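Presented below is the structure to which this report refers.
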Amino acid sequence: MHQTHAHKDQERLKLNSRLADLALVKPWVDALATEHAIGEDTVYKIELCLEEALSNIVRHGYKGEPQHSIELSFHSNGDRMLRFAIEDNAPHFDQAGPGRKRAPKNAEDLIPGGHGMPLMQKFSSSVAWEPLPNGNRLTLTFPNEPRETETRG
Amino acid sequence: MKLSTEELDGGITKVVLDGRLDIEGAAAIDLKMNVIAGSSKLLLLDLQEVTFLGSMGLRSIVVPAQAVRRRGGKVVIFAPVKMVEEVLKASSIDALIPIRHELADALAALA
């Protein structure tokens, strides 16, 4: 396939900072998956990471205030990598907070919650955070493993 | 997200979950799961029809499982699909709540 530079494919989705708005993400991702022939395991990883990222922004970044905006954008530059950027206007993300979860020693030691950042790190190819003048940008990348090369387990 | 229960021999409560255990799905079952965990000592969580599991869904499993274990009970996860199992393992839950893919093995884990 002919490759072009920067942002050959791009889609955007705007949400309000409500957990109920996260229901809009799955149909958006499903449409992208159809358009770009994204495999179902990759779709699962994308939906998982976006849910974790967005719920963190709503619950922690915006502290449950529902009137703020969150913008998602999708980029595929023909390099078989899928990039999702999430921009918000929340206070800068505390990188020292999440992602430092220790392994539990027993069931009672397993902390319910707090799995979001570790799951994003596990199921994406990369997680990058950058501060914006009035918010944050989180970029998640995934390899596009086409549907025909995946097998169901 | 659907939840149904079935009482098996030996005092085992089988909880069948069906659908997406995302934020919305977790909210739909949390109360029911906590009620079940408060009255059952042997819990078989059938996840074979769960198509998606996120961290809020994990919480819906871990909190009731901890409640059961605190009362001296046991919990086993039965037949999660591949990606759901990957999420369970990535969260180290598999080391604490056993995962079994054969019903006989799951029942044995509760014996």
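Surface composition of the protein assembly as shown: carbon plus sulfur atoms hold 51% of the accessible area, using a 1.4 angstrom probe and ignoring ligands, DNA and RNA.
Modelled label positions at B:ASN34 and A:GLN121, each set 7 Å beyond Cα in the direction of Cβ, lie 3.0 nm from each other. Compared with its chain on its own, segment B:76-93 contains the following residues whose accessible area drops by 40 Å² or more in the full protein assembly (probe 1.4 Å; ligands, DNA and RNA excluded): B:LYS82, B:MET83, B:VAL87, B:ALA90, B:SER91. What is the sum of charges, Lys and Arg at +1 and Asp and Glu at -1, for the other residues whose Cβ falls under 13 Å from the Cβ of B:SER39? Summing Lys and Arg as +1 and Asp and Glu as -1 gives +2.
Between the C-alpha center of segment B:93-111 and that of segment A:57-86 there is a gap of 37 Å. For segment B:2-109, the square roots a ≥ b ≥ c of the C-alpha gyration tensor eigenvalues yield an a/c under 1.5, which makes the shape rounded. Our estimate of slack between A:ASP30 and A:GLU130, defined as 0.36 nm per intervening residue step minus the Cα-Cα distance, is 33.3 nm. Cβ-Cβ distance of A:HIS92 and B:ALA27, R₀ of 25 Å, FRET efficiency by 1/(1 + (r/R0)^6): the value works out to about 0.30.
Rounded to two decimal places and with Rh computed the Kirkwood way over Cα pairs, what is Rg over Rh for the protein assembly as shown? Using only Cα positions, Rg/Rh for the protein assembly as shown is 1.00.
Rounded to the nearest 5, what % of DSSP beta bridges with both residues in segment B:2-109 are antiparallel?
Working: 7 of 23 bridges.
Of those bridges, close to 30 percent are antiparallel.
The label point for B:VAL63 and the one for B:THR5, both projected 7 Å from the Cα toward the Cβ, are 1.7 nm apart.
The values are calculated or read from the model by the stated rules, or taken from the named source; none is laboratory data. Everything quoted here is computed from the prediction, not taken from an experiment. Using ideal geometry, Cβ is built from the backbone for each residue, glycine included, and neighbour counts are taken over all protein chains shown. The accessibility values were calculated without ligands, DNA or RNA, using every heavy atom of the protein model including side chains. Shrake-Rupley method; radii C 1.70, N 1.55, O 1.52, S 1.80 Å.
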